[in-house]
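The structure appears below as structure tokens.
The numbers here are math on the coordinates, done by the rules we state, and not lab data. Note that the coordinates shown come from a computational prediction; the quantities given were computed from them, not determined experimentally. For neighbour counting, all protein chains shown are included, and Cβ atoms are generated from backbone atoms with ideal geometry for every residue, glycine included.
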Amino acid sequence: MKQTISLIKADVGSVGGHTRPSTKMVETARQTVQGAIEAGTLSDGFVWFTGDDIELLMIHDRGPGDETVHGLAWQAFQEATRIAKAENLYGAGQDILKDAFTGNVHGMGPGVAELQVKLRPGESFLVFTCDKTEPGAFNLPLYLAFVDPMNSTGLILKKEMKRGFSFRVMDVHPDSGGRTITLSTPEELYDLAALLRDNHRFVVEGIYSRYAPDEQVVVATTTRLHNIAGKYTGKDDPAMITRVQGYFPAPEEITQAFTRAHYVGGDARGSHNMPLMPVTMDTPASSNFCIPMVSCLAFSLNEQGRLSEPLDYFAHPCWDYVRQKAYRKAEEMRLQGFSGPAMLPMSELEYGGITDTLDALEERFEAPE
Ligand SMILES: [Mg+2]
């Protein structure tokens, strides 16, 4: 039997700024998921938070886009919103863009990543969840993990991995209509790099095994971007599910790609370039300029659709070194203030005030004598 892994996430309010949902909000979401497990709607589930986002991981056999499962997530976010409003939290209900549920949450605000899998022996997967950054934050790590043998030696050790992978990449330009392109590696890796270098415009939506073409390895929460293409103006804190082991990269190959603490768009006011810091689950956004964050939970999944306990990958002491590195990189960039690469290009600035300022200055420019 195929199992479906559904990850649905939303920011529906947080304590004292864009920090973290309140304990009561998370507990309510947890009770909603637990109730669905007891009712048999889900075979299992897990709830946590990353910065201001509540993450709902749900396992079932209903397939992607199922109305009952999406309705359950909608209900969980509605209840958490009610609490956030009662507690007068910041941004209460911010990712709930519609009033009424109409079958699934696509286009309604929450981010969705869903993967239907025919279980392999030892089926294992990782869930990466980010806060204070954009979907393109995964571009470099996914390139390194699935394309580069300097990062993933499995590409030369496993004949199944040597066959390569296909990347489906989405164009998130407001005029693109959410169009996608599929590129196959290793033949087209330079073409892939040419797209993925632009984190603001091109983002990885999914990755497929070429050894087992029906098998999707990675799915990312670009679903929301699809639905609001044409009016996308800001950051969507991304999340992704990646299957690991066997003929897919090992978890340590995928997490290795995050040791660079590479610079991504996001942080304070979603307007800067800052390093992506690996953090443990349930980490609030940092008070120091909202450094972009990523957490990673590993799970095993059995034939009954039951999850193992989560392994919090970035809780291991070796990641303390990467966190220090990320902070040093952040400090260097912040010393640069507003100048040059410290801030995003004008097309990406979410907070419109600077546009008004430049418009006002426009008429004061004088032509040369
Ligand atoms: Mg967020």
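Which of GLY103, GLY206, GLY266 ends up with the largest GNM mean-square fluctuation for the chain, with Cα atoms connected below 10 Å?
So, out of GLY103, GLY206, GLY266, the one fluctuating most is GLY103.
Hey, got a sec? Which trypsin sites (Lys or Arg not before Pro) in segment 79-180 land in a DSSP loop and have at most 11 other Cβ atoms within 10 Å?
Filter output for segment 79-180: LYS98.
In nm, to one decimal, how far is the modelled label at THR180 from the one at ARG364, with both set 7 Å along Cα→Cβ?
4.8 nm
For the chain, what does the helix formula give at 222 nm: sum of -39500 (n - 2.57) over DSSP H segments with n ≥ 4, over the residue count, nearest 500 deg cm²/dmol?
-8000 deg cm²/dmol, from helical runs alone.
So what's the gap between the Cα centers of segment 1-65 and segment 98-154, to the nearest angstrom?
Answer, in whole Å: 15.
Among LYS24/LYS85; LYS132/LYS329; LYS118/LYS158; LYS9/LYS98, which pairs are too far apart, with a Cα-Cα distance over 19 Å?
Table pairs above 19 Å Cα-Cα are LYS118/LYS158.
Using a Gaussian network model of the chain with C-alpha springs under 10 Å, which one of SER347, SER124, SER22 is most mobile by mean-square fluctuation?
Judging by the Gaussian network model, the answer is SER347.
Name the residue, out of PRO284, PRO275, PRO345, whose mean-square fluctuation peaks in a Gaussian network model built on the chain with Cα pairs under 10 Å.
PRO345
At most 13 other Cβ atoms within 10 Å and a DSSP loop assignment: could you name the GluC sites (Glu not before Pro) in segment 302-351 that fit?
Here the GluC sites (Glu not before Pro) that fit, given the DSSP loop and packing criteria, are GLU303, GLU350.
Take every Cα pair under 8 Å in segment 1-118 that's 6+ residues apart, average their separations, divide by the length, and report that relative contact order as a whole percent.
Relative CO of segment 1-118 lands at 41 percent.
Out of all DSSP beta bridges in segment 121-356, what portion is antiparallel? Express it as a percent rounded to 5.
Of those bridges, close to 95 percent are antiparallel.
As an exercise, identify the trypsin sites (Lys or Arg not before Pro) in segment 264-369 lying in DSSP coil whose Cβ has no more than 16 other Cβ atoms within 10 Å.
ARG306, ARG364
By its C-alpha gyration tensor, with a ≥ b ≥ c as the square roots of the eigenvalues, how is segment 284-363 shaped: rounded for a/c under 1.5, else prolate for a/b larger than b/c, else oblate?
Oblate, since a/c reaches 1.5 and b/c is not below a/b.
Beyond 34 Å, what share of the Cα-Cα pairs of segment 121-356 is found? Please give it as a whole percent.
For segment 121-356, the share of Cα pairs beyond 34 Å comes to 14 percent.
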